[in-house]
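Notes for the one structure printed next.
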Amino acid sequence: MHFLAIGECMAELAPSSSAGQFSLGYAGDTFNTAWYLRKLCPAGTVSYFTAVGTDSVSAQMLGTMADAGIDTRHIVRIPGASVGLYLIVLKDGERSFSYWRDTSAARRLAEDETRLATAMEAADVIYFSGITLAIIGAAGRATLLAALRAARAKGKTIAFDPNLRLRLWPGAEEMTAAIMQGAGVSDIVLPSYEDEASFFKDADTEATADRYLQAGAKTVVVKNGPAAVHYRHGAEVGAVAIAPVSDVVDTTAAGDSFNAAFLAGLERGRSLPDCIAVASQVAGLVIRGKGALVPLDLAGIAL
Ligand code: AMP
């Protein structure tokens, strides 16, 4: 199985144990999913598609991806550009984030249609998110959505996490319209109910699933924090309860890791409830650790 994730990976500066010092890492929603997929599917190929610059931090980012076993061969390199950056500040145990991503090379990831099509051609499952759609602007969105539509018509499986982030969009209307277009080219949609309820006014998780099925998705899996995950696939409907985690450390990448484990389960031919059960166990481990990329001890999980 060959997975391809498309989006933005950023440089991350996170506080280290000595005051005033930061450590450099790399993370971003679709990249996090690729990173977890790599751990969960050691036999498959996991590729990442984005655009980076030609400076040394871009080179280091590519090196880190390659060291993690992620295929970087399709990544576009734009001379003179660089990667986006975010800084995590800890105050009284609360994390706050500042971003510098307006000039990130990843905003131009859809400019090279040929590279995009080549990367998709090699893949079986293609994953993207609402953040991918947000950062590339209207022209980039039109190109990416057309490429995804064409890939789907060729039999590729398209998976999408709406990941609604209003601050990345000019306004809520543009965001919700683009998200519905994203769902319209996707087979699998993996929303988080809390975000969906705020922007689409869905009364419940069933309403979220209905909306995405009507947009053209075949399978919808609605995450809902510690509450049960609701799923729909044609006439198949159900809910899978989550084992509550009492010692949550950091919920960063809960949804990203869930999506990775869910897609890995599908690749193994598991049933939807089984995929969801494993995905919630993996997300449960991730929220017990700090940061987006948490080393997983998978010993207790029947993948
Ligand atoms: P969310 O995107 O917040 O809905 O969370 C994604 C997934 O992470 C959920 O479907 C759960 O599997 C897991 N998760 C998030 N928060 C918790 C929690 N407090 N306890 C257990 N699992 C959680």
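Provide the percentage of antiparallel DSSP beta bridges, counting only those with both residues in segment 183-303; round to the nearest 5.
Counting DSSP beta bridges with both partners in segment 183-303, the antiparallel share is about 70 percent.
Can you give me the Cα centroid spacing of segment 102-173 and segment 54-76 in angstrom?
Cα centroid of segment 102-173 versus Cα centroid of segment 54-76: 19 Å apart.
About its Cα centre, what dipole magnitude does the chain give when the only charges are +1 on Lys and Arg Cβ and -1 on Asp and Glu Cβ, stated in debye to the nearest 20?
480
For the chain, with the dipole built from +1 on Lys and Arg beta-carbon atoms and -1 on Asp and Glu ones, taken about the Cα centre, which of 42, 300, 199 lies farthest toward the positive end?
Towards the positive end, the residue furthest out is 42.
Which percent of the accessible area of segment 120-243 is formed by carbon and sulfur heavy atoms (probe 1.4 angstrom)?
54
Give the residue from 144, 88, 169 lying farthest towards the positive end of the charge dipole for the chain; charges sit on Cβ (+1 for Lys and Arg, -1 for Asp and Glu) and the dipole is referred to the Cα centre.
144
Could you order peptides 151-164, 107-120, 11-24 by the average number of other Cβ atoms within 10 Å of their residues, highest first?
Top to bottom by mean Cβ count within 10 Å: 151-164, 107-120, 11-24.
Using a ≥ b ≥ c from the Cα gyration tensor of segment 40-107 (square roots of the eigenvalues), is it rounded, prolate or oblate, where a/c under 1.5 gives rounded and otherwise the larger of a/b and b/c decides, a/b for prolate?
oblate
Report residue 180's accessible area, 1.4 Å probe, all protein chains in place, as a number in Å² to the nearest 10.
Approximately 50 Å² of residue 180 is accessible to the 1.4 Å probe.
Would you mind calculating the relative contact order of the chain from Cα pairs under 8 angstrom and at least 6 residues apart, reporting the percent as a whole number?
15
For the pair residue 143/residue 86, report the inter-label distance in nm, with labels modelled 7 Å from Cα in the Cβ direction.
Roughly 2.4 nm, to one decimal.
Going down the table (156/218; 154/223; 223/290; 91/290), which pairs top 24 Å between alpha carbons?
Checking Cα-Cα distances, 154/223 exceed 24 Å.
Rounded to the nearest whole Å², what accessible area per residue is found for the chain with the 1.4 Å probe?
Using a 1.4 Å probe on heavy atoms only, each residue of the chain averages 42 Å².
Heavy atoms of the protein only, probe of 1.4 Å, neighbouring chains included. What is the accessible area of residue 218 in Å², nearest 10?
110
Among bridges DSSP assigns within segment 87-161, what percent are antiparallel (round to 5)?
Just about 50 percent of them are antiparallel.
How big is the charge dipole of segment 41-123 about its Cα centre, in debye rounded to the nearest 20, if each Lys and Arg gets +1 on its Cβ and each Asp and Glu gets -1 on its Cβ?
100
The values are calculated or read from the model by the stated rules, or taken from the named source; none is laboratory data. Here the structure is a predicted model, which is why all the values come from computation and not from measurement. Please note: Cβ atoms are built from the backbone with ideal geometry, for glycine as well, and neighbour counts cover all protein chains shown. Side chains are part of the model used for accessible areas, which takes the heavy atoms of the whole protein and leaves out ligands, DNA and RNA. Shrake-Rupley method; radii C 1.70, N 1.55, O 1.52, S 1.80 Å.
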